[in-house]
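Heads up, the thing below is written out as structure tokens.
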Amino acid sequence: MSGDILPPLPSYPQVPSGVEVRHVHGYPGYAIAENGDIFSCKGSGCRPVPQSTWKKMNPSPSKKPPYLLVNLWIQNIKRTKRIHVLVLESFRGPCPLGLEGCHNDGNHLNNNLSNLRWDTRASNMRDNQIHGKTSKGEHRPLAKLTEADVKQIRKLAKEGMAQAQIARMYNVSKSTIHDTVHYRQWKHIP
């Protein structure tokens, strides 16, 4: 269920004119703007304070991918939520079954409603590829081979060198060489 519309501005600090703000559904004392700004009217210890004292919250980034996160309290239980999901839930309604929150421009820190949509995992993965957010090949953190290594390995195998010998040369397993030679790994390298 989408959030309720809150009283008109300027009761929320630092909200540009014309930006809509709604309650965060299921979290009394919290409001979110369509530009991704989030506000709290809770005092210390999660006690409600007068509605006139809304304060802008400071989300923190997650590690990978770097989503903006915020801690919301309900009945003395802390819930860590992604800002883009809160924006979508508040302005577009709950996430439909089988979908997830997606960023149109590939920037996970841009939580403006106009940049967000509910879509499939496959569509989100395509977006990541389009925006260069996926790591493959030598850009993967644990990669032991480079693209140049892969080309040389395939050349050596084609020339008849034993895969076990190639594996020793590159200090990798025989299965890695086998999968590389037969395009089970490094498929993107011709």
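The numbers here are math on the coordinates, done by the rules we state, and not lab data. This is a predicted model, so every value here is computed, not measured. Quick reminder, even Gly has a Cβ in these numbers, built from the backbone with ideal geometry, and neighbours come from all protein chains shown.
Distance between the pseudo-spin-label points of residue 77 and residue 91 (7 Å out from Cα toward the beta carbon): 2.9 nm.
Label-to-label distance, residue 148 versus residue 125, with points set 7 angstrom from Cα along the beta-carbon direction: 3.2 nm.
If R0 is 45 Å, what FRET efficiency do you get for residue 19 and residue 187 from their C-beta distance, rounded to 0.05?
On the way: r = 45 Å, r/R0 = 1.00.
So, using R0 = 45 Å, E works out to roughly 0.50.
Projecting label points 7 angstrom from Cα along Cα→Cβ for residue 62 and residue 172 puts them 3.0 nm apart.
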